[in-house]
Amino acid sequence: MGELFQAAFMTANLFYTILLIIVFIYWLTVFIGVLDLGSFDFDVDTDVDVDIDADVDTDTDVDAEGGLNPALAFLAFFNLGKVPFMIFLSFLSLFLWVGSLLGNYYLGDKIPMFVFAWVVPNLLLSLSLTKFCTAPLKSLFEDEENEFKTNQDIIGRIGMATLQIDDERISQLSIPNQHGSPLLVRAKATEGKEVLKGYQALVIHYEEEGNYFLVEPFID
């Protein structure tokens, strides 16, 4: 136990140890009732794991040119956004910590600059293990956090433009979700129309070929 403690606080492993301690403190506060499971939750999923064909997102993962943010799409592949953030982080931090300890113990003295060389492989391996361990948990949160089962569930809903929406390029619309964070959908305005950032729009049609929703300005 003493050797494990010493290894955990070696410079090479210190960051991962601190991260794991933070996660442990979080779960302790959840246990005593100070925080709840969704206190730090946010979603970055690029495809809701149901029968919706369009890209339906729950964070700002569309850039100014109307494309998906590759970093968020990459993390979503490993189930970030499909399970609560702190559950994802808990698995990831544990695997990062174990990977750092084992890697530095067995290979640290054999490979020059191993601490830096091991960062990316350790991250990819930990993300893969996190994806594997969180996969069975996705179904526990799907129905609770996503009220949109098909594209038709989105048509007729009113949302707010998080970026300016016009008829020339794909932008994004934020639609309230009564079970969790708002859903962001790819959107274009109907011909000749535009919706300024921060204004409301009505979803009227799903364009299957372009994989986006058509919207019109909505005045309450």
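Side notes on the structure shown:
- Among the residues of the stretch 181-211, the one identified as touching a helix residue (DSSP H, G or I) at 6+ places or on another chain (Cβ under 9 Å) and closer than 15 Å to D167 by Cα is Y206.
- Screening the stretch 100-110 for residues that are without any contact (Cβ under 8 Å) to a residue 40 or more places away in the chain and surrounded by 12 or more Cβ atoms within 10 Å (Cβ to Cβ) and picking the one that is nearest to A8 (Cα to Cα) gives L102.
- Qualifying residue in the stretch 13-27 (condition: buried (at least 17 other Cβ atoms within 10 Å of the Cβ), farther than 27 Å from M113 by Cβ and modelled with pLDDT under 90): yes
- Matching residues, the stretch 167-189, being farther than 27 Å from V83 by Cα and surrounded by 17 or more Cβ atoms within 10 Å (Cβ to Cβ): I170, K188, A189
The values are calculated or read from the model by the stated rules, or taken from the named source; none is laboratory data. Fair warning: this is a prediction, and the values are worked out from it, not measured in the lab. Glycine gets a Cβ as well: all are built from the backbone with ideal geometry, and neighbour counts include every protein chain shown.
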